[in-house]
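Enquirer: Have a look at this one before I ask anything.
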Amino acid sequence: MEKFMKWLGLAVAGLALLTAAPHVVRADTWSQPVATIGSSLTADQKSGTLSTLQNAAGVNNASQLTVNGATLVKYLNPSGSTFTESSGVWSSALVQKTDNGGINVKIVPYNGTNNITTITADQYRNAALTAGVSNANLYITSAVRIDGSGALAGVYAAFAQNGENLNNQQINAAQQEVNTLSSITQANKDKDGYSDKQLNNAVAGAKQQMASQSNNGQQTLSHNQIGNIVDSQLKQNNLTTIINNNQRQLIINLLVNVQKAGSLKNNDFKAQAGKLADSIQNSAKGLFDKLNKSLNTEENRNFLQKIWDGIVSFFNGIAQWIQSLIK
């Protein structure tokens with residue numbers, strides 16, 4: 001009995017250590033973070049970019065990987081881009097693998113200015129999820145104003161350099177997703193009640209819901225099923241009256257592509273999608289608290305309206321029955 005209690009005590013202590021373990025970089029896979037540096041930067045800009053990224057990540061030991069036109073051609077052209085090997089690359093990234101915590105992205109100002117003009121942090125995160133990335137901190141910057149495609153190609157190249165070749169079909173789906181979400185945000189950015197966070201939260205929520213309904217990709221969801229999921233997520237994010245029918249169809253199409261690419265089959269996809277949605281909501285808590293309050297009020301109003309409609313219908317029925325007796 002005494003020996004059993006000793007082993008039990010050791011087991012409890014071990015469990016306590018495991019549950020208290022901090023969020024740390026996963027050294028068993030990547031020995032150090034990777035900084036992907038755009039080839040078109042000047043020598044001073046390359047040095048400044050590396051310093052900017054490492055300072056943001058709190059590291060000083062990142063290995064360097066040059067991203068050039070050939071990198072863009074390899075990772076971005078299969079999805080429809082038209083880069084050439086002589087294309088310039090300025091946007092850069094630092095990729096830090098972690099053991100947990102989901103996908104996190106920070107767009108870092110260069111000398112105080114955010115020069116990434118098109119792709120938002122949440123768009124980077126959703127694309128990384130679709131491409132097969134899990135548990136990674138991504139830091140993005142550029143010394144000149146640019147859309148940010150080079151940084152995303154650099155992320156894919158960084159994984160390949162560390163022996164984690166991401167699925168080409170998933171990368172293609174991720175690039176199509178970035179293009180779609182960027183275009184929708186550009187079209188709606190000036191509309192009241194719209195934000196890129198709402199859109200990306202809806203897409204992340206849809207991915208989580210798709211993974212759940214398809215049993216992690218074991219069952220294929222129909223176009224109509226995905227459409228219903230999109231409608232549900234648009235409603236939850238108060239986008240139903242803002243996203244037009246064409247944009248709704250674009251979102252459905254990108255999620256159909258996500259399923260076809262096999263993203264849902266990744267063992268950790270559902271959990272990563274859930275962490276992404278939670279993180280987006282936490283980053284704009286005031287916005288989503290307001291949305292939830294508005295939706296709850298609307299749902300309560302609809303519930304009360306249904307009760308009233310039922311009461312009215314009941315008494316109308318009685319009145320019609322009485323009239324039939326009089327006749």
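The values are calculated or read from the model by the stated rules, or taken from the named source; none is laboratory data. All values derive from a computational prediction rather than experimental measurement. Here the Cβ positions follow ideal geometry from the backbone for every residue, glycine too, while neighbour counts run over all protein chains shown. Heavy atoms of the whole protein, side chains included, go into the accessibility calculation; ligands, DNA and RNA do not. Shrake-Rupley method; radii C 1.70, N 1.55, O 1.52, S 1.80 Å.
Enquirer: Scanning region 242-261 for residues that are touching a residue at least 24 places away in the same chain (Cβ under 8 Å) and part of a loop (DSSP other than H, G, I, E, B), which turns out farthest from ASP192 (Cα to Cα)?
Expert: ILE243
Enquirer: For THR120, work out the one condition from (1) buried (at least 23 other Cβ atoms within 10 Å of the Cβ); (2) touching a helix residue (DSSP H, G or I) at 6+ places or on another chain (Cβ under 8 Å) it doesn't fulfil.
Expert: The failed condition is (1).
Enquirer: Listed residues LEU199, LEU221; which is among the aliphatic types (A, V, I, L, M) and in a helix (DSSP H, G or I)?
Expert: Values: LEU221 fails: in a helix (DSSP H, G or I).
Matching residue, one of LEU199, LEU221: LEU199.
Enquirer: If I filter region 54-68 for residues that are part of a strand (DSSP E or B) and of a type in the set (Gly, Ala, Ser), do I get at least one hit?
Expert: Of the residues in region 54-68, the ones part of a strand (DSSP E or B) are 63-67.
Next cut, of a type in the set (Gly, Ala, Ser) only: 63.
Checked against the condition, which is being part of a strand (DSSP E or B) and of a type in the set (Gly, Ala, Ser), region 54-68 yields at least one hit.
Enquirer: Next up: What do you reckon, is LYS260 closer than 19 Å to THR180 by Cα, open to solvent by 70 Å² or more (accessible area, probe 1.4 Å), among the charged types (D, E, K, R) and modelled with pLDDT of 95 or more?
Expert: Against the criterion (closer than 19 Å to THR180 by Cα, open to solvent by 70 Å² or more (accessible area, probe 1.4 Å), among the charged types (D, E, K, R) and modelled with pLDDT of 95 or more), LYS260 qualifies.
Enquirer: Any idea which of ASN246, ASN282, ASN266, ASN215 is open to solvent by 70 Å² or more (accessible area, probe 1.4 Å) and modelled with pLDDT under 95?
Expert: Numbers: ASN246 fails: modelled with pLDDT under 95; ASN266 fails: open to solvent by 70 Å² or more (accessible area, probe 1.4 Å); ASN215 fails: modelled with pLDDT under 95.
Testing whether each residue is open to solvent by 70 Å² or more (accessible area, probe 1.4 Å) and modelled with pLDDT under 95 leaves just ASN282.
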